[in-house]
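Report on one structure; see the data block that follows.
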Amino acid sequence: MSRSRTVRWVLSIAAIAALGYLGWQRFQGADHPAQAETRKASPVRAAVPVRTAPVEKADFPVYLTGLGTVQGFNTVVVRSRVDGQINRIAFKEGQVVKEGDTLVEIDPRPFQAALDQAKAKKAQDEANLANASLDLQRSTRLGEFATRQQVDTQRSTVAQLTAQIQADTAMIENAQTQLDYATIRAPISGVVGLRQVDVGNIVNAATQTGIVTIAQIEPIAVIFTAPEDQLPEIKAALDAGSPKTIALSTDGKRVLSTGTLSLINNQVDTSSGTVRLKAVFDNKDHALWPGQSVSTRLLVATLKDATVVPDDAVQHGPNGLYAYTVNKENKAELRKIRVTRSIDGRSVVDEGLSPGDQIITAGQFKVQPGTLVTTAVASSDQTQARTTSE
């Protein structure tokens, strides 16, 4: 009796468990009213906000970038050409001087004395020549009463004194030159540097140390280098005209001056594989200064009707460069691209894009192929807010 009772209890419990399991399965398969309402109320996934820009067709300037050093177009070390004591310095350090301006005055008295002496000697020889000429005339008038030797001797004396006067004239010119050298004048226009001597010092022509240095800064030159493999492009540009050259600050953010390429050095530096170039700038505003380091850009060509995109649109991936475009359904599409040139925030794309395509320039980190996007940009919001406030 007890064994059959135990079997009935086990069967009852198994039946109850089976019925509970079937009820639970039915409950899970049917939508609970609260769950259905929640599923109906869940929103559709929002579009990703991005910033876009059109792919443009435009002329693209091709620049070769480099580093250079500013040099005075002409640089002169001013030295004394005579010996003497400095009486006056007529310039201020850092002053802009013109060609012919007085820089230094050396004691002129010894040179003035030499000039006066040369002039006196010439006057003396001119008086002797006048007397010898009169003697020659008298000898000639005597005719047969004067010997031929006397006439020839007198004629020789006149010739000697004439030559002596020519020598006196040369001595006067030399003495005048020495006197002029006592006043040192600027040989070129430019900016004077720090002076090396003071008033009262003795200077002489044999000393190699100069008095001051003058650097011509209008125009001014920039010496820079370019890789030798770019030499054909540079030569072609120079043959076509005077290529535009831009000098910028060392960080490349500020344009200092614009000039033209004037020459290519006559040999390539074999140690570095570069060639030296020289560009000339008018430098009217003195933005360039001798010894200054600058960045350079040399315009070697202009690509006509190139496909141009902002640099921000170009993305780097494991398979190369790519960019996202927005199709008519406002969905993102991935395009593999090939970039050949890039400068000033713009790149030239040879493959993968066409003019007129809308390309994503910001917000790509949230975008995948097929992602729904919205192209609202901050600038439009700012314009709308400004219009509302007005």
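Tabulated results
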| read-out | value |
| --- | --- |
| Candidate set from region 174-198 (those that are hydroxyl-bearing (S, T, Y) and under 14 Å from V104 (Cβ atoms)); member that is most open to solvent (accessible area, probe 1.4 Å) | Y181 |
| Strands (runs of 3 or more DSSP E) completely within region 234-331 that count 3 or more residues being surrounded by fewer than 19 Cβ atoms within 10 Å (Cβ to Cβ) and out of contact with any Ser or Thr (no Cβ under 7 Å at 6 or more places or on another chain) | 255-269, 293-310, 315-317, 320-326 |
| Residue satisfying condition, being farther than 25 Å from K92 by Cβ and among the β-branched types (V, I, T), within set T213, T177 | T177 |
| Matching entry among L129, L115, L161, L136 (being modelled with pLDDT of 90 or more, over 30 Å from G190 (Cα atoms) and surrounded by 15 or more Cβ atoms within 10 Å (Cβ to Cβ)) | L115 |
| Residue list for region 341-390, filter: within 13 Å of D312 (Cβ to Cβ), among the β-branched types (V, I, T) and either at pLDDT below 85 or open to solvent by 80 Å² or more (accessible area, probe 1.4 Å) (or both) | V377 |
| Cβ pairs under 7 Å, 6+ apart, first in region 109-120 and without any contact (Cβ under 8 Å) to a residue 60 or more places away in the chain, second in a helix (DSSP H, G or I) and open to solvent by 50 Å² or more (accessible area, probe 1.4 Å) | A118/M171 |
| Those strands (runs of 3 or more DSSP E) lying entirely in region 45-95 with at least 2 residues among the β-branched types (V, I, T), under 30 Å from T183 (Cβ atoms) and touching a residue at least 24 places away in the same chain (Cβ under 8 Å) | 75-78, 84-89 |
| Test: A47 is modelled with pLDDT under 90 and either within 32 Å of the chain's Cα centre (by Cα) or of a type in the set (A, V, I, L, M, F, W, C) (or both) | yes |
| I165 being of a type outside the set (F, W, Y) and within 22 Å of T75 (Cβ to Cβ) | no |
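The values are calculated or read from the model by the stated rules, or taken from the named source; none is laboratory data. Only a predicted model underlies this, so the values are computations on that prediction, with no experimental measurement involved. We place every Cβ from the backbone using ideal geometry, glycine too, and count neighbours over all the protein chains shown. SASA here: full protein model, heavy atoms, side chains in, ligands and nucleic acids out. Shrake-Rupley method; radii C 1.70, N 1.55, O 1.52, S 1.80 Å.
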